[in-house]
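Quick notes on the structure that follows.
The values are calculated or read from the model by the stated rules, or taken from the named source; none is laboratory data. Keep in mind that what you see is a predicted model, and the values were worked out from it rather than measured. FYI the Cβ positions are ideal-geometry reconstructions off the backbone, even for glycines, and counts take in every protein chain you see. What goes into the accessible areas is simple: the full protein's heavy atoms, side chains included, and nothing from ligands, DNA or RNA. Shrake-Rupley method; radii C 1.70, N 1.55, O 1.52, S 1.80 Å.
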Amino acid sequence: MNINKNIAISGNGFVFDPTTGESFSLNSIGTEILSYLKQDMSKEEIVLAILEKYEIDNITVEKNYVEFLAILREYKLIEND
Amino acid sequence: MKKLTYERPIINKINSGMPNKFGTRTEYQPITYIDEVSVKEIMKEHGSPVYVLSEKTIRDTYKDAKKAFTARYPKVQFAWSYKTNYLNAVCNIFHQEGSWAEVVSGFEYDKAIANGVSGNHIIFNGPDKSESDLETAIINNSLIHIDHYDELYMIISLAEKLEKKPKVAIRVNMDTGISPQWSRFGFNYESGEAWDALNRILINKNLELVGLHSHIGTYILTANAYNVAGTKLADLAVRVKEKYNHAIKYIDFGGGFASKNTLIGAYLPGTDTCPTFSEYAEAITTSIINSRIKLEDFPTIILETGRALIDDAGFILGTVLANKRLADGSKSMVINVGVNLLFTAFWYEHRITPAQNFSSHTEHTSVYGPLCMNIDVIRQTADLPVMRKGDDFVISRIGAYNMTQWMQFITLRPKIVIIDTGRQVHVIRKNEKNEDINSFEHVPDHLKKINV
Ligand SMILES: Cc1ncc(COP(=O)(O)O)c(C=O)c1O
C-alpha cells in the first residue's frame, strides 16, 4: 500500500490532493490516521496508537481502520502495491 | 491520563461549486433532554425504541393556533381530528383545551363518546358511516357532514324512522388553485352539485342544515387556498340565506395546515417554507369578514387542524443497530425504527439528531429501518453526524399520524409515554407482547400438531 505523498494535510481536517485538485474534509481521527500513514506507520502501529489515546476496543478500531482505508483507496489517496 | 472519546474516522470529498443545501457541517446540538427530562433516562426506563409526547408542546401549540384565529374573528371552534392521533390521553388534552372531536368512522366516534365528549360536539366526517353509526349520531345530536347522495338519502329515511331532526352539513370540494384537488370527497362547488345538495336538504323539513364543510387537502403551503375556499363557501351561505332565509351556523375549514416538517425532495426546510398560523388565520377570517354574509349571521369558524397541532409534540427515540457500506461504496446506517413505526418517513425528511455529543463532522448517509424489506427507508440520504452502533438518537416532529397509521409488522409496537407539564413521565400506551398479538388468533384443532 502506498500513500499519495503529494497530498497536503492541514491541521484542521482538510486534505488537498494537488494531482487531481480535489479537496476532502476529515474528522480528527481521520486526519490523525492519514498523517500516521504519511509517516509510513504500519496498520498495527496505527491501531496501537489509537488504542492508547482513545477509549475504545481493538475490534472496533480495526474494523473502522479497514473501512477507512477502503474509502481512501476509492478517493485515490492510497494505492495498492 | 483520561482517554479521549473515540469516533469512527471519516473523510468526505468536498464538491466545490455544488454546496450541500444545508452546508457541510451540522449546525445542531444533540438532543439530550425533552422538556427537561433526560432522553437516556426515558430509554433506560421504557426501552428503545419508544415514542415520547410533550404535553406542554401540545398545549402551547394549540394556544398559539387558537390565538391566531380569536385575535381576528369572534367565533372560533377547534375540533380535534382523531385520525391524526387518537390516543385517549392526547385527545383529552385537546378536549381540556376546549376542542370538540372530529371523527371519520364508527370506531373513532365511539372513542370520542368514551372519552366523554358530548354528542353535539362530535363532527362526523367521511364516506364510511354505516346505518347504525348514523342512527347513533342522529340520536346524540352529532354534527353529520354528508359526503354523498346515498348518505343523504339514508339520513332522510332514518330521520323519519327515528322521528328526530338530524343536524347536517355538506362537505364541499372545489378548485382552490392547488393540486391535487381532493374531488372525491363531498359535493363539487363549480359543477353546481353542492348547491343542488343544499337545496335537497333545505326543502326537507326533517333535516336541519347547520354548516358547510371543506377539507381542501393536507400540508397546504399556500394559505391563500383557504381564502378561495372560504369565499366559495360564503357564497353558498349567502345563497342559502337569500333563498330560504336560513343562516348557516358554522363554516368548517377542515385541516391541512402544514407542519414544519420538510417534504421529501423539497429544496428548503419546512421551517422556512410553511405558513404560520397567523397567515392561515388571516386568509380564512378575511374570506368570511369580506363576504356578503351579514354581521348578525357571521358563522362560527370551525377548524379540524391535525398535523400542525401535534407533529412538533412527538418524538421517537431509538438506537443505531449497525453501520454499513453498500456495494456502491455509499454509507448507510441501520436503526431500530422502521417505516412500521414511522409511516411519515414516506413523505418527510425527518430530522435525526444524536442523543449524545458528536463532532461537527457529517457524513452522507442512507438511514434504513430494521425490517427485512427494501421499502424500509427512513432517510434516502441525510447528512448526519457520525454515530456508532449502540448510539441513541431522537427523531423529532413525528406526533401526527404515526401513532395511528403504524403497523404491527415483523416487530412489536413499543411504548408511548407522555411528559406532563410537571415533568412526570406517564406510559399512555403499553408496548405490545406476543400474547397480545396471539390472542387474536385461533388455530383449528387439526393444525395444532406439527412435527418439524
Ligand atoms: C376531514 C378531515 N379533517 C381534518 C383532517 C386533518 O388534516 P391535517 O392533519 O392535514 O390538518 C383530515 C385529514 O385527512 C380530514 O380528512
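Subtracting the Cα-Cα distance of A:Lys63 and A:Ala8 from 0.36 nm times their residue separation leaves 17.2 nm of extension gain.
Ordered by solvent-accessible area of protein heavy atoms (1.4 Å probe), largest first, the residues B:Leu162, B:Leu268, B:Leu303 come out as B:Leu268, B:Leu162, B:Leu303. Remark: mean inter-chain Cβ contacts per residue of A:18-30 equal 5, using a 10 Å Cβ-Cβ cutoff to other protein chain atoms. Among the listed pairs B:Lys111/B:Lys243; B:Lys75/B:Lys205; B:Lys75/B:Lys430; B:Lys129/B:Lys241, a Cα-Cα separation exceeding 32 Å is found for B:Lys111/B:Lys243; B:Lys75/B:Lys430. List the longest stretch of chain B that has no exposed loop site; here a site is one of the chymotrypsin sites (Phe, Trp or Tyr not before Pro) assigned by DSSP to anything other than H, G, I, E or B, with at most 12 other Cβ within 10 Å. Result for the longest clean stretch: B:29-266.
A simple spin-label model places the labels of A:Phe16 and B:Lys2 3.7 nm from each other, with each point 7 Å out along Cα-to-Cβ. For the protein assembly as shown, the mean residue ellipticity at 222 nm estimated from helices alone is -9000 deg cm²/dmol, where every DSSP H run of n ≥ 4 contributes -39500 (n - 2.57) and the total is divided by all residues, rounded to the nearest 500. Placing a label point 7 Å from the Cα of B:Arg59 along the Cα-to-Cβ direction, the residues of the stretch B:398-442 whose backbone N falls under 15 Å from that point are B:418-426. Accessible surface for chain B, divided over its residues, is 46 Å² per residue with a 1.4 Å probe.
DSSP assigns beta bridges within the protein assembly as shown; of those with both partners inside it, close to 50 percent run antiparallel.
D by Stokes-Einstein for the protein assembly as shown, Kirkwood Rh over Cα pairs, 37 °C, 0.692 mPa s: 123 µm²/s. Rounded to the nearest 5, the antiparallel percentage of DSSP beta bridges internal to chain B is 45%.
Surface composition of chain B: carbon and sulfur atoms hold 52% of the protein heavy-atom accessible area at a 1.4 Å probe. Measuring heavy-atom accessible area with a 1.4 angstrom probe and counting protein chains only, the residues of the stretch A:50-69 that give up at least 30 Å² relative to the chain alone are A:Lys53, A:Tyr54, A:Glu55, A:Ile56, A:Asn64, A:Glu67, A:Phe68.
Rounded to the nearest 20 debye, the dipole size of the stretch B:125-236 about its Cα centre is 260 debye, using +1 on the Cβ of Lys and Arg and -1 on the Cβ of Asp and Glu.
Gain on full extension, evaluated as 0.36 nm per residue between B:Asp436 and B:Glu163 minus their Cα-Cα distance, stands at 93.9 nm. Multiplying each eigenvalue of the alpha-carbon gyration tensor of the stretch B:44-180 by 5 and taking the square root yields semi-axes of 30, 20, 16 Å, largest first, rounded to whole angstroms. Using a simple spin-label model with pseudo-atoms 7 Å out from Cα toward Cβ, A:Ser28 and B:Lys294 lie 7.6 nm apart.
Buried area at the A:B interface is about 2200 square angstrom, summed over both chains, from accessible surfaces computed with a 1.4 angstrom probe. FRET efficiency for B:Lys389 and B:Asp175, Cβ-Cβ distance as r, R0 = 51 Å, nearest 0.05? The value I calculate is 0.45. With a/c under 1.5 counting as rounded, go ahead and sort the stretch B:317-451 into rounded, prolate or oblate using the C-alpha gyration tensor (a ≥ b ≥ c being the square roots of the eigenvalues; past the cut-off, prolate if a/b is larger than b/c, else oblate). Oblate is the answer for the stretch B:317-451, as a/c is 1.5 or above yet b/c matches or exceeds a/b. Taking all protein chains as they are arranged and a probe of 1.4 Å, the heavy atoms of A:Glu52 leave approximately 130 Å² accessible to solvent. With the cut-off at 1.5 for a/c, could you classify chain B from its C-alpha gyration tensor as rounded, prolate or oblate? Prolate. Given R0 = 30 Å, the distance between the Cβ atoms of B:Gln424 and B:Ser118 translates into a calculated FRET efficiency of 0.55.
For the stretch B:413-452, GluC sites (Glu not before Pro) are listed when DSSP marks them as loop and at most 13 other Cβ atoms sit within 10 Å of their Cβ; the list is B:Glu441. The trypsin sites (Lys or Arg not before Pro) of the stretch A:10-79 meeting both criteria, a DSSP state outside H, G, I, E and B (loop) and at most 16 other C-beta atoms within 10 angstrom of the site's C-beta, are A:Lys76. A Förster distance of 22 Å, applied to the separation of the beta-carbon atoms of B:Val238 and B:Asp196, puts the FRET efficiency at 0.85. Other residues lying with their Cβ under 14 Å from the Cβ of B:Ile113 contribute a combined charge of -4, Lys and Arg counting +1, Asp and Glu -1.
Only protein heavy atoms count here; on that basis, with a 1.4 Å probe, B:His215 has an accessible area of about 40 Å².
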